[in-house]
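Working notes, structure below.
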Amino acid sequence: MNTPAFEDILAARARIAGHAHATPLIEHEALNLLCNCRVLVKAETLQRTGSFKFRGAFNAISRLDRREWPGGVVACSSGNHAQGVAEAARITAHRALIVMPADAPRLKVERTRASGAEIRFYDRESEDRDAIARALCKERRAAFVPPFDHPHVIAGQGTAGLELMEQAGAAAAELEAVLVPVSGGGLIAGIGLAVKRINPSVRVFSVEPEGFDDTARSLAAGTRLKNARSAGSICDSLLIGMPGELTFALNRAQLAGGLSVSDEDAMRAMAFAFFELKLVVEPGGAVALAALLSGRYRSSGRPVAIVLSGGNVDADLFARALNAAGSPAMAAAAN
C-alpha cells in the first residue's frame, strides 16, 4: 500500500474541487475568552453530507474504472463514511452498498439511503463487518472503499488540513497546535501531512472518547493496540477497533500525543457549539472542542485550531445535550 505524501493532497484538492466545499475557519470571542487564546474552528460540519468524509470518499471513488469494478463500491461505516461514499458514488454513477451497524443513528441511515445506497446491517458485538464487506465485494465484483486506511482516502481528508493552514495564515494566526477527532486515523493522518509540511513546529493531537482511546494508547506504546469494547459511547463515529496500519505509521511520525474526553464533555461541547457558535455538531465531531473546554488541552496562550469533524446527530440525542446544558451560560460555566 502506497504511503500518501503532501503532493497527493494537492492532487486531491484539484480532483475534489467543485464537489467538496472549502469549509470556513471560524473564530468566536466567547471561545477565545474561555480558553485564554485564539481558537480557530474548522467547521467540517458544513461539508457536503455533513462531515469531512466526503473529501476522501470522492477522491477515491472518482478514480475507479467501472470496467474493472462493474458492481460499484462497498464500504463499512456507522454513518459519516457511509454518507460520503453514497454521495460520491451517486455523483460518479457507481452503485454503492454500505455495511452499517444495526445501532447506527437513524439520521445517518436515512441520509445514506437518500443518496441511493443499499444498506446491509450487522451487529457490532457478534459480526465481523470486514468479513461481510469482503464477501459482498467478491459477490458483486465491487471495489472496497476503506473508511481510513487507504492512500487516496487519506489524501482527500488531508485537503481539510491544507485549507486550515492556509486560512490560519490568512488570519495571521501562528498556530501552537491542531486538535483532531480520531477513529481509524485517516483524517488526522491527512491533516498531519498538510500541517507538518506547511509548518513543522505546529503540534498535532488526536482526541478520542474515554475507553476508546486506541490511538492515544498506541502512540504511547509504539505499536497498534485494540480497544477492549466496540460499543458503549455516544461518540458512535469514533468507535473503531484499532488504528489502521497505514494511518498509524503516519500518525506515529506526525502526532505529538493523544487526548481523551468523556461523553459528558462531548455533550457539553455540543451545547456550547450550538449556543455560542450556532453550529450543530455530533458527539464524535465535538471531541476536539471538548478537549479545549474541559481543560484536557491547555494552550500556552498561542492560537489553537480544532476540527469539528461532523454534524450528523439524531434529534433526540441533540436535544439531550442541549437540555443537559440548560442555557448558554450554563454550557459555558460547565466547561
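Do we have Ser218 as in a strand (DSSP E or B), of a type outside the set (Val, Ile, Thr), crowded, with 21+ Cβ neighbours inside 10 Å and at pLDDT 95 or above here? Reasoning before the result, please.
Values: in a strand (DSSP E or B): no; of a type outside the set (Val, Ile, Thr): yes; crowded, with 21+ Cβ neighbours inside 10 Å: yes; at pLDDT 95 or above: yes.
No.
For the structure I just gave you, tell me whether Ala271 is surrounded by fewer than 24 Cβ atoms within 10 Å (Cβ to Cβ), farther than 22 Å from Ala160 by Cα and not charged (D, E, K, R). Spelling it out, it is not the case that Ala271 is surrounded by fewer than 24 Cβ atoms within 10 Å (Cβ to Cβ), farther than 22 Å from Ala160 by Cα and not charged (D, E, K, R). When each of Thr247, Thr215 is tested for being under 23 Å from Ala12 (Cα atoms) and either touching a residue at least 40 places away in the same chain (Cβ under 8 Å) or touching a Phe, Trp or Tyr at 6+ places or on another chain (Cβ under 6 Å) (or both), the lone residue that passes is Thr247.
Pairs meeting the criteria (first residue in region 62-73 and closer than 14 Å to Ala88 by Cα, second residue among the acidic types (Asp, Glu), beta carbons under 6 Å, at least 6 apart or on different chains) are lacking.
Of the residues Gly257, Gly310, Gly284, the single one that is within 19 Å of Gly190 (Cβ to Cβ), touching a Cys at 6+ places or on another chain (Cβ under 8 Å) and either crowded, with 21+ Cβ neighbours inside 10 Å or modelled with pLDDT of 95 or more (or both) is Gly284.
Within region 84-111, how many residues turn out to be assigned to a helix (DSSP H, G or I) and modelled with pLDDT of 95 or more? Write out each step before concluding.
Initially, region 84-111 is screened for residues assigned to a helix (DSSP H, G or I), giving 84-92, 106-111.
After this cut, where a residue has to be modelled with pLDDT of 95 or more as well, the list is 84-92.
Number satisfying all stated conditions: 9.
For region 254-268, a residue qualifies if it is in a loop (DSSP other than H, G, I, E, B) and under 19 Å from Ala194 (Cβ atoms), and the qualifying residues are Leu255, Ala256.
Restricting to region 85-118, give me the number of residues that are farther than 22 Å from Arg55 by Cβ and either buried (at least 22 other Cβ atoms within 10 Å of the Cβ) or not acidic (Asp, Glu) (or both). Residues meeting the conditions: 3.
The values are calculated or read from the model by the stated rules, or taken from the named source; none is laboratory data. Since we're looking at a predicted model, the values are computed, not measured. We place every Cβ from the backbone using ideal geometry, glycine too, and count neighbours over all the protein chains shown.
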